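S.K.: Here it is, the structure in full.
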Amino acid sequence: MSDYTAGRHFLQTPGPTNVPDRVLRAMDHNAINHRGPEFGALGRQVVARLRQVFQTEGIVGIFPASGTGAWEAALVNTLSAGDRVLISRTGQFAHLWELMALRHGLDVAALDTDWRRGADPAAIGALLRDDREHRIKAVCVVHSETSTSCMTDVAAVRAAIDGAGHPALLMVDAISSLACADFRHDEWGVDVTIAGSQKGLMVPPGLSFTAISDKALAAAKANKTHRSYWDWEPLVASNKTGFFPYTPAINLLYALNEALAMLLEEGLANVFARHDRYAEATRRAVRAWGLDLQCQDPRAYAPGVTAVRTPDGHSADKLRSVILENFNMSLGNGLGRIDDKVFRIGHMGDLGVLQLAGTLAGVEMGMRVAGVPHKAGGVQAAMNYLSGNN
Ligand SMILES: Cc1ncc(COP(=O)(O)O)c(C=O)c1O
């Protein structure tokens with residue numbers, strides 16, 4: 001066994017994703033005075049660019065935290081212990097929302113799914129119509145459930161809330177969809193959208209983002225729940241000035257500014273189309289291998305990640321470790337109740353066609369080495385599609 005592995009490691013997890021060289025170079029910067037004019041200009045530019053990606057004219061706050069921090073902020077700013085929240089149990093990340101809500105003393109109305117599709121807007125609407133006293137204060141959904149690779153139709157959830165004539169806030173976890181899939185915070189009437197730096201945004205982990213509607217800001221103003229670091233109020237001021245109330249993650253913000261510039265140069269519509277194309281190529285490979293997709297609703301396929309079920313009796317974790325050892329590639333593991341049954345191919349962020357083809361080749365060769373039964377031809381099916389001969 002050699003101490004050095006030649007060639008680039010393939011980081012094909014659904015976050016963190018590969019950080020482009022341009023972004024790495026932008027981070028390679030001395031610290032600057034975070035109360036000085038250079039930082040203010042950086043902060044304002046980052047917010048202006050983030051607004052384009054969230055498709056909002058409103059507040060986009062930045063916390064130096066992982067996405068989970070933005071969740072906690074969303075809950076403590078808008079809700080108080082005893083408030084009821086509706087959570088659709090679409091997968092592991094929705095499950096974690098629920099656990100956090102329970103820890104904050106919230107009363108959770110949960111809608112179960114089989115983890116193989118997105119949230120059901122009709123079921124959400126029915127539950128809201130039954131809630132005549134409007135005890136439910138917020139509806140929380142995960143746009144792209146990274147654990148299952150299923151999307152929820154956020155516009156349809158908004159329509160269900162409106163159709164029920166219900167005033168609940170709509171809170172969306174867009175951590176693994178932002179900058180991979182079209183996301184329209186304003187047009188879809190989302191009140192709180194949270195995201196993180198380490199997925200479609202192509203920045204190392206450590207920053208989280210929160211887009212906030214006027215209605216959510218008003219709810220936060222009226223809400224008496226104690227909070228300090230997670231308070232949204234300073235974010236509002238910060239959006240105007242570009243300055244933070246504490247020492248910001250300066251170098252991550254340089255990285256983010258460059259990554260946002262790259263996304264806008266490529267054009268958001270092109271970024272989304274690229275992800276859709278990679279996801280389709282990946283699914284074609286999976287089908288040709290004769291394996292099952294975790295997501296069973298074709299309308300809900302995620303553009304940034306594909307969760308694949310290994311045949312019964314074959315460990316997905318073993319397959320991943322064989323692929324890591326033999327082919328120097330990291331894939332995402334199955335989470336929660338699909339632990340060891342699923343492996344996840346991340347195809348989000350800074351990824352070219354040949355990197356995707358190499359990723360799928362690594363999976364196919366890994367299955368051969370690990371003895372996972374499959375048909376040959378998955379990589380070929382993906383290449384046929386990617387080269388236009390589909
Ligand atoms: C959909 C989704 N929500 C929440 C999280 C948690 O975010 P973080 O790990 O940045 O706290 C993740 C992380 O993978 C995620 O994919």
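The values are calculated or read from the model by the stated rules, or taken from the named source; none is laboratory data. What you are looking at is a predicted structure, and each value in this text was computed from that prediction instead of being measured. Counting neighbours? That spans all protein chains shown, and the Cβs are built from the backbone with ideal geometry, glycine included.
S.K.: Considering only residues that are within 15 Å of A168 (Cβ to Cβ) and of a type in the set (S, T, N, Q), look in the stretch 79-106 and name the one that is nearest to the ligand (Cβ to nearest atom).
M.R.: S88
S.K.: Now for a separate question. Out of P245, P205, report the one residue that is touching a Gly at 6+ places or on another chain (Cβ under 8 Å), within 30 Å of L106 (Cβ to Cβ) and part of a loop (DSSP other than H, G, I, E, B).
M.R.: P205
S.K.: Are any residues in the stretch 51-78 away from the ligand (no atom under 16 Å from the Cβ), in a helix (DSSP H, G or I) and surrounded by 20 or more Cβ atoms within 10 Å (Cβ to Cβ), and if so, which ones?
M.R.: Correct list: V53, N77, T78.
S.K.: Could you check the stretch 345-360 and list, in sequence order, the residues that are part of a loop (DSSP other than H, G, I, E, B), surrounded by fewer than 24 Cβ atoms within 10 Å (Cβ to Cβ) and small (G, A, S)?
M.R.: G352
S.K.: Looking at the stretch 123-137, can you tell me whether even one residue there is within 16 Å of the ligand (Cβ to nearest atom) and either crowded, with 24+ Cβ neighbours inside 10 Å or in contact (Cβ under 8 Å) with a residue 12 or more places away in the chain (or both)?
M.R.: Looking through the stretch 123-137, none of the residues is within 16 Å of the ligand (Cβ to nearest atom) and either crowded, with 24+ Cβ neighbours inside 10 Å or in contact (Cβ under 8 Å) with a residue 12 or more places away in the chain (or both).
S.K.: Looking at (1) touching an Asp or Glu at 6+ places or on another chain (Cβ under 8 Å); (2) over 25 Å from R344 (Cβ atoms), which is the only condition A6 fails?
M.R.: Only one criterion is unmet by A6, namely (1).
S.K.: Can you spot a residue in the stretch 293-304 that is within 25 Å of R44 (Cα to Cα) and acidic (D, E)?
M.R.: no
S.K.: Here's another thing I want to ask about it. For the condition assigned to a helix (DSSP H, G or I), modelled with pLDDT of 95 or more and more than 21 Å from I212 (Cα to Cα), what is the one hit in A48, A109, A122?
M.R.: Testing whether each residue is assigned to a helix (DSSP H, G or I), modelled with pLDDT of 95 or more and more than 21 Å from I212 (Cα to Cα) leaves just A122.
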